[in-house]
Amino acid sequence: ESKEHIFHEVLTRRANVVNDSRQQLLAHYRQLHGQDPLSVEEIARCYLSPYLYWSTHGGPGWQSYTKLAARLMSTERWMGLLGTLFTPLAEDFLQELRRTFPSGEEKRIQWAFDFMVGVMSNTFSENNRIEVLSRGLCSCEDRDDACAHLIPFVVAGINASIHSPLVSFQNDFGAIGKAAKASGMAAPALK
């Protein structure tokens, strides 16, 4: 068998375990709420906690998997495989966000979910730039600590994505262009 086929099988096997754990936790919270929608924090916990659980308690193979999966999410080459593995689950979480925000604009719900997945991927990719920036105060290697900060950030971000006014960059771009011209750089024209 090809190395790529083995890679697919390993990734699929572990992704299915994480996805099953996410579904089970989602079912747990749904059972607690009956017909009522879940809170944003519960949705975030259902998505993030299984990843944290398996990477922290599953041993070195799981740590390697979560790191690899997080890095693959920023690689176009693997989007087809990742789509196959995660799109059905993503649809369940998007549906739960729609229940939580019944008057929420679909575009904002989509972005909110995408940002949650992105910040999770960055946290678990273990590039650990935060350790350098914080001079050792913070580290992605302490996954419990990272996620203790990640959950409130994601919850606030999802709420802001759904409710906050959209921003314009025209004033910023104007200031950047003006500064670029003042320093002799050729600034592109604004559209």
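Looking across segment 13-28 at every residue that is open to solvent by less than 40 Å² (accessible area, probe 1.4 Å) and not basic (Lys, Arg), the one that is nearest to Met79 (Cα to Cα) is identified as Ala15. Every condition in (1) open to solvent by 50 Å² or more (accessible area, probe 1.4 Å); (2) in contact with an Asp or Glu (Cβ under 8 Å, 6 or more places away or on another chain) is met by Thr56 except one, and the failing one is (1). Among residues of segment 124-139 that are in contact (Cβ under 8 Å) with a residue 12 or more places away in the chain, those with a Cβ under 8 angstrom from a residue that is aromatic (Phe, Trp, Tyr), sequence gap 6+ or separate chain, pair up as Phe124/Tyr51.
Remark: Phe86 falls outside the filter, which requires a residue to be farther than 21 Å from Asp144 by Cα, of a type in the set (Phe, Trp, Tyr) and open to solvent by 40 Å² or more (accessible area, probe 1.4 Å).
Take segment 114-145 and flag every residue that is open to solvent by less than 20 Å² (accessible area, probe 1.4 Å) and at pLDDT 85 or above. Once the filter is applied, which keeps residues that are open to solvent by less than 20 Å² (accessible area, probe 1.4 Å) and at pLDDT 85 or above, segment 114-145 yields Met116, Met120. Taking helices (runs of 4 or more DSSP H) as the structural unit, those lying wholly within segment 88-191 and holding at least 2 residues that are farther than 20 Å from Lys67 by Cβ correspond to 106-124, 143-163, 170-182.
Return a yes/no flag: does segment 164-175 have any residue that is in contact with a Phe, Trp or Tyr (Cβ under 6 Å, 6 or more places away or on another chain), open to solvent by less than 60 Å² (accessible area, probe 1.4 Å) and either modelled with pLDDT of 90 or more or more than 24 Å from Leu52 (Cβ to Cβ) (or both). Spell out the reasoning first.
Just the residues of segment 164-175 that are in contact with a Phe, Trp or Tyr (Cβ under 6 Å, 6 or more places away or on another chain), to begin with: none.
Within segment 164-175, not a single residue is in contact with a Phe, Trp or Tyr (Cβ under 6 Å, 6 or more places away or on another chain), open to solvent by less than 60 Å² (accessible area, probe 1.4 Å) and either modelled with pLDDT of 90 or more or more than 24 Å from Leu52 (Cβ to Cβ) (or both).
Taking the criterion of being hydrophobic (A, V, I, L, M, F, W, C), without any contact (Cβ under 8 Å) to a residue 60 or more places away in the chain and in a helix (DSSP H, G or I), the residues of segment 73-87 that qualify are Trp78, Met79, Leu82.
The values are calculated or read from the model by the stated rules, or taken from the named source; none is laboratory data. On a predicted model such as this, the values are computed, not experimentally measured, just so you know. Ideal geometry is used to build each Cβ from the backbone, glycine not excepted, and the neighbour counts take in all protein chains shown. With ligands, DNA and RNA removed, areas are computed over all heavy atoms of the protein, side chains included. Shrake-Rupley method; radii C 1.70, N 1.55, O 1.52, S 1.80 Å.
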